[in-house]
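A short write-up of the structure that comes next.
The values are calculated or read from the model by the stated rules, or taken from the named source; none is laboratory data. Everything numeric in this text was worked out from a predicted model, so none of it was measured. Cβ sites come from the backbone with ideal geometry, for glycine too, and all protein chains shown count toward neighbours.
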Amino acid sequence: MENKSGWSAIDPLADISAHSYLVGMTLLAKAMLVVFIAAWFIGVAAWFYGTCFFLPIWATGFRKTDKRKAYIRKALKGYGVFLLAVGFGFTAGGIAEY
């Protein structure tokens with residue numbers, strides 16, 4: 001079923017594909033899209049890494065132990081990488097939009 005405008009009434013997104021989306025992009029925009037997606041994956045992995053070391057500290061009530069110091073350091077490193085990845089992703093998105 002098609003109407004006067006030419007789009008399908010059953011599935012209006014049937015003719016949209018990833019190929020048609022990437023056709024109008026410049027090479028720089030395509031590269032920044034790949035960088036943005038990579039930064040997103042790195043950010044998610046870093047967040048899970050930091051949380052993996054923060055949750056045991058939180059669950060034990062922040063008692064002072066030797067293990068806690070190492071876990072805090074690892075959690076902070078993970079969250080630091082997360083923030084860097086978010087900033088890098090925003091930068092890549094800004095460059096692609098420019």
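On the given criteria, is residue 45 within 30 Å of residue 25 (Cα to Cα), out of contact with any His (no Cβ under 8 Å at 6 or more places or on another chain) and surrounded by fewer than 15 Cβ atoms within 10 Å (Cβ to Cβ)? The answer is yes for residue 45. For region 47-98, the set of residues classified as without any contact (Cβ under 8 Å) to a residue 60 or more places away in the chain and among the aliphatic types (A, V, I, L, M) consists of 55, 57, 59, 70, 72, 75, 76, 81, 83, 84, 85, 86, listed by residue number. When each of 36, 48, 41 is tested for being at pLDDT 95 or above, part of a helix (DSSP H, G or I) and within 10 Å of the chain's Cα centre (by Cα), the lone residue that passes is 41.
Can you find, within region 16-33, the residue that is modelled with the highest pLDDT among those that are of a type outside the set (A, V, I, L, M) and either outside any helix (DSSP H, G or I) or under 21 Å from residue 97 (Cβ atoms) (or both)?
30
Within region 61-98, the residues that satisfy the criterion of being closer than 28 Å to residue 33 by Cα and either β-branched (Val, Ile, Thr) or touching a Cys at 6+ places or on another chain (Cβ under 9 Å) (or both) are 78, 81, 86, 91, 95. Inside region 54-92, residues that are under 17 Å from the mean Cα position of the chain (by Cα) and either crowded, with 17+ Cβ neighbours inside 10 Å or among the aliphatic types (A, V, I, L, M) (or both) make up a count of 11.
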